[in-house]
Number of protein chains: 2
Amino acid sequence: MRIGILGGGQLGRMLALAAYPLGFRCCVLDPAADPCAAQVCPHIRGEYDDYQKLYELAQWADVITYEFENVPVATAEWLSERKPVYPPPRALAVGQERLAEKEFFTRLGIPTPQYCAVETEADFYAALRQVGLPAVLKTRMYGYDGKGQVVLQSAEDCPRAWLRLGGRPLLLEEYIPFERELSLLAVRSREGQIQCWPLVENQHLDGILHRSLAPAGGSEELFERAADYACRILEELDYVGVLAIEWFQDGPRLLANEMAPRVHNSGHWTIEGARTSQFENHIRAITGLPLGPCGMLTNHAVMYNFIGSVPALDAILQTPEASVHVYGKSARPGRKVGHVTLITLDPEELAEKLPQWDQLFARRPYRENPEGGPSES
Amino acid sequence: MRIGILGGGQLGRMLALAAYPLGFRCCVLDPAADPCAAQVCPHIRGEYDDYQKLYELAQWADVITYEFENVPVATAEWLSERKPVYPPPRALAVGQERLAEKEFFTRLGIPTPQYCAVETEADFYAALRQVGLPAVLKTRMYGYDGKGQVVLQSAEDCPRAWLRLGGRPLLLEEYIPFERELSLLAVRSREGQIQCWPLVENQHLDGILHRSLAPAGGSEELFERAADYACRILEELDYVGVLAIEWFQDGPRLLANEMAPRVHNSGHWTIEGARTSQFENHIRAITGLPLGPCGMLTNHAVMYNFIGSVPALDAILQTPEASVHVYGKSARPGRKVGHVTLITLDPEELAEKLPQWDQLFARRPYRENPEGGPSES
């Protein structure tokens, strides 16, 4: 079977590497001259609204998927008239617009931080009265890795925030002083079979994921609640493939922050740490194969991102627990260029090793590039 | 770093798939128009003695390796004057010639079945008197998967065997009524660090590996003896990369049958079952990186080859313990087209599951293709 992938970043690359052992071929479509996935599979160079190139991909492929959530919905719909597109284009439409996403969660009974739509300055101040401070002002579209949002601590922050973001459709959200940020990855097959990987605890630095720890720890009830919410979303969308949902845990509360209709950075640990990786199960789902089990293969798995540049491999690989993934991208501040996953087989080992690993893979604070980077997650 | 690989079969393919996460690029040289590794990396089409194509590979690559043991020694030596070639060409010379190989084992104090060189018919009958019956008559070069050898049970078999194989340099070996056939895979880094995976028990059908079971079971002393023998070989050859050694276990005796200076079919289980796969450690070794640990990640791992054609994937993947590897090769009798590895996390589980798996992945007896197949192992 031939799989067409919109987007040729590291997620596309790892999808292709997971598709090969199943005997499938992949091709990515990406506007860049040398996206990193093109090192491991054929590449059609084209914009995501270049219908000639999209036609070429649809002719080649038996099934089409995507590795980023900002694929134009019109593109996904146009392709889906030619070949099966998974996840369904509707998932893109919901995931791309923060207001639609929050309203979707609310409609399915999934708790979220309190939110208000904001279009005018008057809306903004009305929303502030309703939501209170602190709060977060966000653009509705194209936000990722903390971009397109401003935290409002006090009344003084508000005019500046409006100057920076105002004029576009916005959203004002309650600021959650969360205990932990969690994510749940779930996968649904074409036949409607659903599996969830364990909850993961994520730490961000400068708005970019720094570390994921699996399993997150916490009650079985917490996991079951998250899995139940995930099932509602998957079924409502008649979803096929991997879906990531990010949560704030605030005491006993579990509040949905956002979802991504794709494989996700916080699931990279599954390559070594789970019985089936997120990449393999995404490929199995979209090609109509049965899903593999999502349980842990090891006691714990910890993933750290490499941001900006890849550390010296020989030093990292001295750590016997480490598996390295280098994406073949050139160095650039703020860019995700690789990750490392460390596994523990001994349940006692994590407490001893985690502080060492945190130090070994510490990331120096990095100031956001004002130009913004490419759309990679 | 860029890795050139001589041979574009499934072993080259799996080497490339292991090299990508480390950020390396691969290119295979293979005379076939569409070798299966060419689905996952660039391919230079050329014979193994086409020096123009070899030059092209050497220009492109930073380091060169090979996936089969019948690479012409002259080719490996010629390349090694241009770029580092690992494993060293001398390992090819030893592994290609059964008499040299046995003499090499003997010189290092590694026990083997009794053997005699045979060139003439008079040698043959003299050797029979020395070795006795039953015995095995073998060609010295280009044997694999049981090809190029005849078992002699009684005196009546001898004239026919001579008719079939005589006229070439041969070897007569004692027939070992072995309890078990084992293999040990070991890896040595450029700095001389050595690691061994657990001993594996192999079952063959029609001379082709059918099932590998890891770990083989048996005493720690048996493993240590095999590992000690492997170290002698690796150090004597100043070896870099993965080496496979096949053994007969005859009661307390461990007799070396043959070695292969490459990754090996009996090590495919390491992808899912070991902390570091044979493919990744081969890549780490030849690129000068530290080796990863070779211990088991699971309690047991069992691998079955798919010979001739790949069974229906959706049926296999219903088995939650199964990980499938399809090589992207067309179906042909006797051809290795894929494998499946099954892992158990519960130490008790194997006894219950193994008979089911043996039945699920049973191979029907297959008559050897008289034309012979391509040189794949």
**Item:** Cα centroid separation - region A:92-108 against region B:155-190, whole Å
**Value:** 68
**Prompt:** In percent, what relative contact order does chain B have, based on Cα pairs under 8 Å that are 6 or more apart in sequence?
**Reply:** 14
**Message:** How shielded is B:340-346 by partner chains, expressed as the average number of their Cβ atoms within 10 Å of its Cβ atoms?
**Reply:** 1
**Fill in**
Over all pairs of different Cα atoms in region B:180-360, the reciprocal of the mean inverse distance gives a Kirkwood radius in Å of 16.8
**Prompt:** Across the residues of B:285-294, average count of Cβ atoms on other protein chains within 10 Å?
**Reply:** 3
**Request:** Can you grab the distance from the C-alpha centre of region A:303-348 to the C-alpha centre of region B:273-344, Å, no decimals?
**Result:** 24
**Fill in**
Output row for residue A:111: copy-to-copy label distances, label 7 Å along Cα→C-beta, ascending, in nanometres, one decimal, is 6.9
**Item:** Inter-site label distance for residue A:108 and residue A:250 at 7 Å from Cα along Cβ, in nm
**Value:** 2.1
**Request:** In whole Hz, with x marking every Gly and Pro, tabulate ³J(HN,Hα) for region B:302-315 from phi via Karplus 6.51 cos²θ - 1.76 cosθ + 1.60, θ = phi - 60°.
**Result:** 10, 10, 10, 7, 9, 10, x, 7, 8, x, 4, 5, 5, 5
**Prompt:** Under the classification rounded if a/c is under 1.5, otherwise prolate if a/b is larger than b/c and oblate if not, where does region A:273-359 fall, given a ≥ b ≥ c as square roots of the Cα gyration tensor eigenvalues?
**Reply:** oblate
**Prompt:** Convex hull volume of the Cα atoms in chain B, per residue, in Å³?
**Reply:** 140
**Prompt:** Taking the Cα-to-Cβ direction at residue B:56 and at residue B:356 and moving 7 Å from each Cα, how far apart do the two end points lie in nm?
**Reply:** 5.0
**Fill in**
Dividing the helical contributions, -39500 (n - 2.57) per DSSP H run of n ≥ 4, by the residues of chain A yields a 222 nm value, nearest 500 deg cm²/dmol, of -8500 deg cm²/dmol
**Message:** At 7 angstrom along the Cα-to-beta-carbon line, where would the label on residue B:122 sit relative to the other copies? Give the distances in nm, shortest first.
**Reply:** 11.6
**Request:** With θ set to phi - 60°, apply the Karplus curve 6.51 cos²θ - 1.76 cosθ + 1.60 along region B:14-28 and write out the HN-Hα couplings as whole Hz, x wherever there is a Gly or Pro.
**Result:** 6, 5, 4, 5, 7, 6, 4, x, 7, x, 8, 10, 10, 9, 9
**Message:** To the nearest 20 Debye, how big is the dipole of region A:180-360 about its Cα centre, given +1 on the beta carbon of each Lys and Arg and -1 on that of each Asp and Glu?
**Reply:** 720
**Message:** What's the total accessible area buried between chains B and A, using a 1.4 Å probe, rounded to the nearest 100 Å²?
**Reply:** 2800
**Message:** Can you classify region B:114-174 as rounded, prolate or oblate using the Cα gyration tensor, where a ≥ b ≥ c are the square roots of its eigenvalues, rounded means a/c under 1.5, and otherwise it's prolate if a/b beats b/c and oblate if not?
**Reply:** rounded
**Pairwise Cα inverse-distance average, inverted: Kirkwood Rh of the protein assembly as shown (Å)** = 27.9
**Complete:** Label points for residue A:151 built 7 Å along Cα→Cβ; distances to same position in the other copies, nm, shortest first, come to 7.3
**Prompt:** Convex hull over the alpha-carbon atoms of region B:2-85: what's its volume per residue in Å³?
**Reply:** 74
**Message:** Relative contact order for region B:1-139: what percent, with Cα pairs under 8 Å and sequence separation of 6 or more?
**Reply:** 19
**Prompt:** Using the Cβ atoms and a cut-off under 9 Å, what net charge is assigned to the surroundings of residue A:28, where Lys and Arg are +1 and Asp and Glu are -1?
**Reply:** -1
**Asked** Under the Karplus relation 6.51 cos²θ - 1.76 cosθ + 1.60, θ = phi - 60°, what is the ordered set of whole-Hz ³J(HN,Hα) values for region B:99-112, x standing for Gly and Pro?
**Response** 6, 4, 5, 5, 5, 5, 4, 4, 4, 8, x, 9, x, 9
**Fill in**
Contact order relative to length for region B:235-377, counting C-alpha pairs under 8 Å separated by 6 or more residues, stands in percent at 18
**Fill in**
Taking a crude spin-label model, label points 7 Å out from Cα along the C-beta direction, the residue A:45 to residue A:220 distance in nm is 5.5
**Prompt:** Taking a ≥ b ≥ c as the square roots of the eigenvalues of the Cα gyration tensor of region B:145-242, is the shape rounded (a/c under 1.5), prolate (a/b larger than b/c) or oblate?
**Reply:** prolate
**Prompt:** What is the mean number of Cβ atoms from other protein chains located within 10 Å of the Cβ atom of each residue in peptide A:324-332, rounded to a whole number?
**Reply:** 3
**Item:** Sites residue B:363 and residue B:330 - FRET efficiency at Förster radius 22 Å, r taken between beta-carbons, to 0.05
**Value:** 0.75
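The values are calculated or read from the model by the stated rules, or taken from the named source; none is laboratory data. As the structure is a computational prediction, the values presented were derived from the model and not from experiment. Don't worry about glycine lacking a Cβ; one is built from the backbone with ideal geometry, like all the others, and counts go over all protein chains shown. When the accessible area is computed, the model is the full protein with side chains, heavy atoms only, and any ligands, DNA or RNA have been set aside. Shrake-Rupley method; radii C 1.70, N 1.55, O 1.52, S 1.80 Å.
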